[in-house]
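Okay, structure first, notes after.
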Amino acid sequence: MACLSDETLIAYNEGSLGPIESARARDHLLLCADCRRAAAAFRLLDSVLAQPVLHNPPDRVVPQVMQRLFPALPRLTSIAAMVAASAVFLITWIYIYFDFSSSSLIQALRLTTDGTSGWLAGIIKGITLVYNGAQAASKALAALLRMLLPTPLGTVVAAVAVLALAGWLASAWMRPRLKRAKANRS
Amino acid sequence: MQLDEDQALIRKTLRGERRAFEELMRKYEKRIYGFVVRMVRNEETAVDLTQDFFIKIFTVLEKYNFEYKFSTWAYRICYNLVIDHIRKHQAQVSSLDDESVSPRDLLTSGNVVREDGFKALSRAETRDYVWRVVDQIPLKFRELILLRYIQDLKYEEIADITALPVGTVKNRIFKAKEILKQEMEKDGLLV
């Protein structure tokens, strides 16, 4: 009887031969020393492969992934930036809403512009224009709010609600972009 | 639905528990790194790819289907990541022809021949020897040996991950074992 192929020996060792083929292989192995030796070699090979030599990953692998996924510093920085921006927005809004500007800043800008020429005058005129526009809009909004909400408390509540809505809209707009940026960075 | 340990960690991660994801990484890092480093044969690249793998897993975790085993899903992502890297960066993958990395220096003279034909290297030496030969066989055989023995996967799971027919997977693993045996014979480890 011809010797068993390597494939048959491997399959025999794995127990994946059918019952008839397996019986034939077993009978042959009883008679053939060469095949017995080859089968033993494959068995040992299997047992050695089943105990792989695994290289240990460096300790930095997981901490660096955590750092990349949850960067600590940028998170604090962005919170600080958000708080600062909100504060600036709130102060500016209160300043405009309660018309503190009419006798000081705007007047000062108007006076500075008089008699000034060149690019500086252009910049100051631009700022004044924007400021006047913002003031006009805030006055209109203030009038509307006073009409709808006659009490000071109601006005404050409305202002906070507007701010919260603006913050929510901004975060809804930013969240998918930040997520995409994070994925791109990775 | 009954969740296994991995799936419970994934649920926690999806709820925002960072430590759960860290635990998941700790559980898999050795096997993933062990697989990757033997595929790319460069420690620095293996570290980068292992980290990229975990970040990729984190970003696509929402898409994980709880009906399937996490490990098979993760190994498929890992396999694709490594294969893409190899295709891009390692067009020439050295194989057994590369004499500079031969494991022959593991063999010592005067070894006693045992009945099974292996020279009497210690168990650990034989293991080191065989795995160093594995590192040098051609990629199409090596990847399957690594998936089978490092990731401890069944033929069907390997076929699913590599998108190869089960028959091809079996044949290549058989062929890989023949190559390993032949190399041992060439090196005088088998008589």
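Tabulated data for the structure shown
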item	result
Sole exception among (1) more than 9 Å from chain A (Cβ to nearest Cβ); (2) within 12 Å of the chain's Cα centre (by Cα); (3) buried (at least 21 other Cβ atoms within 10 Å of the Cβ) for residue B:145, by number	(1)
Those residues of the stretch B:119-132 which are modelled with pLDDT of 55 or more and either more than 10 Å from chain A (Cβ to nearest Cβ) or touching a strand residue (DSSP E or B) at 6+ places or on another chain (Cβ under 6 Å) (or both), in sequence order	B:121, B:122, B:125
Residues within the stretch A:38-54 that are facing chain B (nearest Cβ under 7 Å) and either closer than 17 Å to residue B:122 by Cα or surrounded by 16 or more Cβ atoms within 10 Å (Cβ to Cβ) (or both), tallied	11
Hits in the stretch B:33-44 (condition: within 8 Å of chain A (Cβ to nearest Cβ), within 11 Å of the chain's Cα centre (by Cα) and over 16 Å from residue A:63 (Cα atoms))	B:34, B:37, B:38
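The values are calculated or read from the model by the stated rules, or taken from the named source; none is laboratory data. Because the structure is a prediction, the values reported are computed rather than measured. We place every Cβ from the backbone using ideal geometry, glycine too, and count neighbours over all the protein chains shown.
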